[in-house]
Structure formats: structure tokens, C-alpha cells
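Worksheet: one structure, shown below.
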Amino acid sequence: MLLRAAMRPEAVLRLLLIESGTTDPQVLADALAQTLATPPQVMTAGGGRRGAEALRASRFDVVLMDLDSLGDLASPPADAVARLVKLAEGALTLAISDGSSVSANLEVMRAGAHDCLTRPFAA
């Protein structure tokens with residue numbers, strides 16, 4: 001699957017960070033700016049419902065979803081991920097966990113996330 005940003009190389013990468021306060025979006029944006037040719041545009045959503053609203057309102061190239069922040073959308077986290085992945089059609093979707101089990105991470109990827117990152121991680 002091609003990412004939208006790959007199809008428009010002159011465009012700025014649009015990233016949605018769905019989480020409820022543990023990741024500083026500016027730190028993430030700065031870290032990504034050092035690794036990407038063009039600094040990304042980072043938008044944040046404070047939970048699963050707000051993330052779903054953002055995905056309905058706009059298109060993103062990458063969606064980072066903190067599993068602990070999705071409980072207001074659905075439980076278990078894999079159900080919330082499945083809903084968000086459908087809304088994020090064409091985007092790279094990455095789940096973020098705080099040390100979930102391998103089986104829990106696999107369940108989230110079966111729900112549609114492209115990968116699951118465990119904190120702490122580097123850009």
C-alpha cells in the first residue's frame with residue numbers, strides 16, 4: 001500500500017497523534033523533523049472519540065494511537081483500533097503501548113494497525 005505522502009512528495013506529512021497526555025507532541029514533531037526531509041504537521045487528539053472526529057474531518061498520512069487513550073471509543077483496544085483504521089483509510093496506522101503482551105500487540109495488528117510500538121521508543 002502506498003502512503004498518501006509518497007504519492008505527493010512535495011506535500012508535508014500530516015500526522016495525527018491520538019493520546020491523552022503522555023507524549024509531548026512537540027517533542028515528537030521535533031524528533032521526526034530531524035529524520036524526515038520536511039518537518040511533519042502534527043495534530044493531537046485527546047482520546048479515541050476525538051481521534052475519530054479528527055479522522056472524519058481531515059485526512060492524515062500517519063496515525064499514532066496510544067492504546068491506553070482509546071477506551072472512550074471502544075473496549076477492548078483492538079475494537080477501537082479497528083474503528084480508527086477504517087476512518088484512516090490509506091494512512092499508516094501505528095499503535096503505541098506501554099509494554100503490552102505480544103499477544104495483545106498481535107491482536108491490535110490483526111485489527112488493522114500496521115505495527116505496534118512499545119514505549120519508550122525513538123523517532
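The values are calculated or read from the model by the stated rules, or taken from the named source; none is laboratory data. Treat the numbers as computed from the prediction; the structure is a model and nothing was measured. SASA here: full protein model, heavy atoms, side chains in, ligands and nucleic acids out. Shrake-Rupley method; radii C 1.70, N 1.55, O 1.52, S 1.80 Å.
Before moving on, here are some points about what is shown:
- Once the 1.4 Å probe is applied to the protein heavy atoms, the chain comes out at 54 Å² accessible per residue.
- For P(r) over Cα pairs in 5 Å bins from 0, in percent, the value computed from the atomic coordinates appears in the list [x] 2, 10, 15, 15, 14, 12, 8, 7, 6, 5, 4, 2, 0, 0; [y] 2, 12, 23, 26, 21, 12, 4, 0; [z] 2, 10, 20, 22, 22, 13, 7, 3, 1, 1, 0 under label [y].
- The phi torsions of the stretch 48-65, fed into the Karplus equation with coefficients 6.51, -1.76 and 1.60 and a -60° offset, translate into couplings of x, 5, 5, x, 4, 4, 5, 5, 6, 8, 8, 9, 10, 8, 9, 10, 9, 10 Hz, rounded to whole numbers, with Gly and Pro shown as x.
- Within the accessible area of the chain (1.4 Å probe), percent carbon and sulfur: 54
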